[in-house]
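Every number here is computed from the coordinates shown, using simple stated rules; none is lab data. None of these values were measured; they are calculated from a predicted model. Cβ atoms come from the backbone with ideal geometry, glycine included; neighbour counts cover every protein chain shown.
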């Protein structure tokens, strides 16, 4: 049996899910909760509610972003500690690929949208077969050329689509406004588990929406 714990912490609304042989056992969503303070407690709470302990887990999966610096940094640090302490396999999944996987049986291209700064979006595009066209390119404001770029059967999934897309040629059926939850990682995580596609702690790197600014301390004035 494969018990996989998945964590989605790319924003301050984070979630935790557990599956058994790719069947969802439990999911808990925590809104307006600081992962730095509470993520470890909530992992224990979710495990307890599922009737499992950490030692019963087969692997841990985490969304590596792009996402919030504070939330991702906390989530990845906590996951690294758990997998090191219990010698668990680690599965890393990028946010745009999770969004792509949420659309099944697409006949055309799939475009994923991640909100970044105000008026900026990170956009990835995939062929229906799953081949990457490009990943996480920055687009400013509305892009009116989606249909021309990717064909009339393009499907667009992500956050903030009403702010990005003003083209009337793109129907509501082609737009899927969604926010990722931990349960959305489980199908990919189970597949990677069965194929033994794991990463090491050193390979687990967060992808931030913005790189943190590093400033130097000002020199003290001499009097």
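How far, in nm, would the chain grow between residue 117 and residue 178 when pulled straight, counting 0.36 nm per residue and subtracting the alpha carbon separation? Walk me through the numbers on the way to the answer.
Details: separation 61, 0.36 × 61 = 21.96 nm, distance 1.80 nm.
Full extension from residue 117 to residue 178 adds 20.2 nm.
Find how much the distance from residue 187 to residue 104 grows on full extension, using 0.36 nm per residue of separation minus their present alpha carbon separation; answer in nm with one decimal.
Contour length minus Cα-Cα distance gives 28.7 nm.
Whole number please: convex hull volume per residue, Cα atoms of region 1-157, in Å³.
Measuring per residue, one finds 121 Å³ for the Cα hull of region 1-157.
Kindly state, to the nearest 0.05, the FRET efficiency for residue 163 paired with residue 22, given R0 = 30 Å and r defined as their beta-carbon distance.
Details: r = 35 Å, r/R0 = 1.15.
It comes to 0.30.
Given a Förster distance of 30 angstrom, what is the FRET efficiency for residue 38 paired with residue 201, based on the Cβ-Cβ distance and rounded to 0.05?
0.85
Multiply the residue gap between residue 2 and residue 133 by 0.36 nm, knock off their C-alpha separation, and tell me the result in nm, one decimal place.
Here the segment from residue 2 to residue 133 would lengthen by 43.9 nm.
How do 191, 28 line up, fewest other C-beta atoms within 10 Å first?
Details: 191 13, 28 17.
Going from sparsest to densest Cβ surroundings: 191, 28.
What order do you get for 45, 13 when you list them from fewest to most C-beta neighbours inside 10 Å?
Exposure proxy ranking, most exposed first: 45, 13.
Please arrange 15, 104 by how many other C-beta atoms lie within 10 Å of their C-beta, fewest to most.
If I rank by nearby Cβ atoms, fewest first, I get 104, 15.
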